[in-house]
Amino acid sequence: TQLLEQSPQFLSIQEGENLTVYCNSSSVFSSLQWYRQEPGEGPVLLVTVVTGGEVKKLKRLTFQFGDARKDSSLHITAAQPGDTGLYLCAERNTDKLIFGTGTRLQVFP
Amino acid sequence: DSGVTQTPKHLITATGQRVTLRCSPRSGDLSVYWYQQSLDQGLQFLIQYYNGEERAKGNILERFSAQQFPDLHSELNLSSLELGDSALYFCASSGGNRGRGTGELFFGEGSRLTVL
């Protein structure tokens, strides 16, 4: 069974700081998705990475897929209070999408 | 707005009772997924349907059941409720190649169940 571990579990930072969260697997990902869930809402897709070593940027967010496709990272530059939420990585396992344990980010003004 | 509608948004009930959660997927999406989110266990996959047929099962309890109807809406039935069933229940939908591939899931806003 694919296990997706995310770290850190919790992160509280001040506005303007940079941060990185990680997603690691016990086996190779076929592809990986990152979602953000804001309080009171369902998760929303941020990005999908497919190729080992792939880097994708979404404004201040940079997503990296490990060369061996067993890990991924999300780096946020100059965090803002609007970045507050639960960040989830997810991997498709046949017909189901399995989510990681999540990183809960709080950005204070 | 994801286009996925879940009802009810909030539900409070007692142990031993039975509830039904309803989900209408995005227009045109054939796949429906159900997830349970509790504070200490993250987002747990329960079950997936594609065009009315069960496609994948996760750690869904025998007390829980689901179905997808011909109009593609889905219901999740939770019976003999226990305190530990209190959680957010999310429905998500996706379209695409028989529910496979790297497609995006679109989530509803969830149904918050409280069992007292």
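Taking beta carbons within 10 Å but only from partner chains, what does the mean come to for residues A:42-52?
Average neighbour count from other chains, rounded to a whole number: 4.
What figure in square angstrom, to the nearest 10, would you give for the accessible area of B:His10 with a 1.4 Å probe?
Near enough 130 Å² of accessible area.
Per the Kirkwood formula on distinct C-alpha pairs, the Rh of chain A is how many angstrom?
Working: mean 1/r = 0.0723 Å⁻¹.
Hydrodynamic radius (Kirkwood, Cα only) of chain A equals 13.8 Å.
Which whole number gives the average, over all residues in B:107-116, of C-beta atoms from other chains lying within 10 Å of the residue C-beta?
Numbers: counts 7, 2, 3, 5, 0, 1, 0, 0, 0, 0.
The mean count of partner-chain Cβ atoms within 10 Å per residue comes to 2.
Enumerate the calculated ³J(HN,Hα) couplings along the stretch B:66-73 in order (Karplus 6.51 cos²θ - 1.76 cosθ + 1.60, θ = phi - 60°), each rounded to whole Hz, writing x wherever the residue is Gly or Pro.
Using θ = phi - 60°, the values come out as 8, 7, 10, 8, x, 7, 6, 6 Hz.
May I ask for the accessible area buried between chains B and A, both sides summed, probe 1.4 Å, to the nearest 100 Å²?
So the total buried area for this chain pair works out to about 1600 Å².
If I compute solvent accessible area with a 1.4 Å probe over the protein chains, what percent of it on the protein assembly as shown is carbon and sulfur?
On the way: 5180 of 10830 Å².
After summing per-atom areas, the C and S share lands at 48 percent.
Averaged over peptide A:95-103, how many Cβ atoms belonging to another chain are found within 10 Å of each residue's Cβ?
What the average comes to for A:95-103 is 6.
Please report the net charge: other residues with Cβ closer than 12 Å to the Cβ of A:Val28, K and R +1, D and E -1.
Details: positive: A:Arg69, A:Lys70; negative: A:Asp67, A:Asp71, A:Glu91.
Taking every other residue near A:Val28 into account, the sum is -1.
Counting only heavy atoms of the protein chains, get the accessible area per residue of the stretch B:1-111 (1.4 Å probe) and round it to a whole Å² value.
Ligands and nucleic acids excluded, the figure is 49 Å² per residue.
What is the local net charge at A:Asp83, summed over the other residues whose Cβ is closer than 14 Å to its Cβ (Lys, Arg +1; Asp, Glu -1)?
Numbers: positive: A:Arg36, A:Lys59, A:Arg60, A:Arg104; negative: A:Glu15, A:Glu17, A:Glu38.
Here the count lands on +1.
What does the accessible area per residue of the stretch A:26-109 come to in Å², with a 1.4 Å probe and no ligands, DNA or RNA counted?
With all protein chains present, the stretch A:26-109 gives 42 Å² per residue.
Hey, with R₀ at 41 Å, roughly what FRET efficiency would B:His10 and A:Ser12 work out to, going by the Cβ-Cβ distance, to 0.05?
Taking R0 as 41 Å, the efficiency between B:His10 and A:Ser12 is 0.90.
The values are calculated or read from the model by the stated rules, or taken from the named source; none is laboratory data. In this text, all values refer to a predicted model and were calculated from it rather than measured experimentally. As a convention, Cβ positions derive from the backbone with ideal geometry for all residues, glycine included, and neighbour counts pool all protein chains shown. With ligands, DNA and RNA removed, areas are computed over all heavy atoms of the protein, side chains included. Shrake-Rupley method; radii C 1.70, N 1.55, O 1.52, S 1.80 Å.
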